[in-house]
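Notes for the one structure printed next.
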Amino acid sequence: MRITVKTAGLLGRYLPVGSRANLAELDIAEGATPIDVMRTLGMPEDRTYLVVLNGENLPKAQRPNTQLSEDDELAIMPPLKGG
């Protein structure tokens, strides 16, 4: 199944080679979760990320149990900083 993954800032380095503008289309297994995608991409698990699935914030507690579907859009962003 295929999903779109978006990142921001330095997280783009975890996307597959050839990805452009911090955007990639990935083939993932049926039943995969956002945590599975993050592990596949090699993103460190001890960091804080803002995860948005199809435009809706996905709380940390739901990331290991939310199954992704064909054509989902998963955004994984570094924490927002302001001043």
Can you work out the Karplus-derived ³J(HN,Hα) for every residue in the range 38-54? Use 6.51 cos²θ - 1.76 cosθ + 1.60 with θ = phi - 60°, whole Hz, and x for glycine or proline. 4, 5, 4, 6, x, 6, x, 7, 8, 9, 9, 10, 8, 10, 10, 10, 6
Which ³J(HN,Hα) values, rounded to whole Hz and listed in residue order, are derived for the range 21-29 from phi using the Karplus coefficients 6.51, -1.76 and 1.60 in 6.51 cos²θ - 1.76 cosθ + 1.60 with θ = phi - 60°, glycine and proline given as x? 6, 6, 9, 8, 9, 10, 8, 10, 6
Once you keep just the Cα pairs under 8 angstrom separated by 6 or more residues, what percentage relative contact order results for the range 2-77? 45
Helix-only [θ]222 nm of the chain, DSSP H runs n ≥ 4, -39500 (n - 2.57) each, per residue, nearest 500: -2500 deg cm²/dmol
Determine, for each peptide in 14-21, 34-41, 62-69, the mean count of other beta carbons within 10 angstrom over its residues, then list the peptides with the highest first. 34-41, 62-69, 14-21
Could you pull the Cα extents of the range 2-77 along its three principal axes, largest to smallest, in whole Å? 29, 26, 21
HN-Hα J couplings of the range 3-11 from phi, Karplus 6.51/-1.76/1.60, θ = phi - 60°, integer Hz, Gly and Pro as x? 10, 10, 10, 10, 9, 9, x, 6, 5
Looking at the chain, which GluC sites (Glu not before Pro) are in a loop (DSSP not H, G, I, E or B) and have at most 13 other Cβ atoms within 10 Å? 30, 45, 70
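Every read-out reported here was derived from the displayed coordinates using simple, explicitly stated rules and does not represent laboratory data. All of these numbers come straight from a predicted model, not from anything done at the bench. Heads up, the Cβs are rebuilt from the backbone with ideal geometry, glycines too, and the neighbour counts pull from every protein chain shown.
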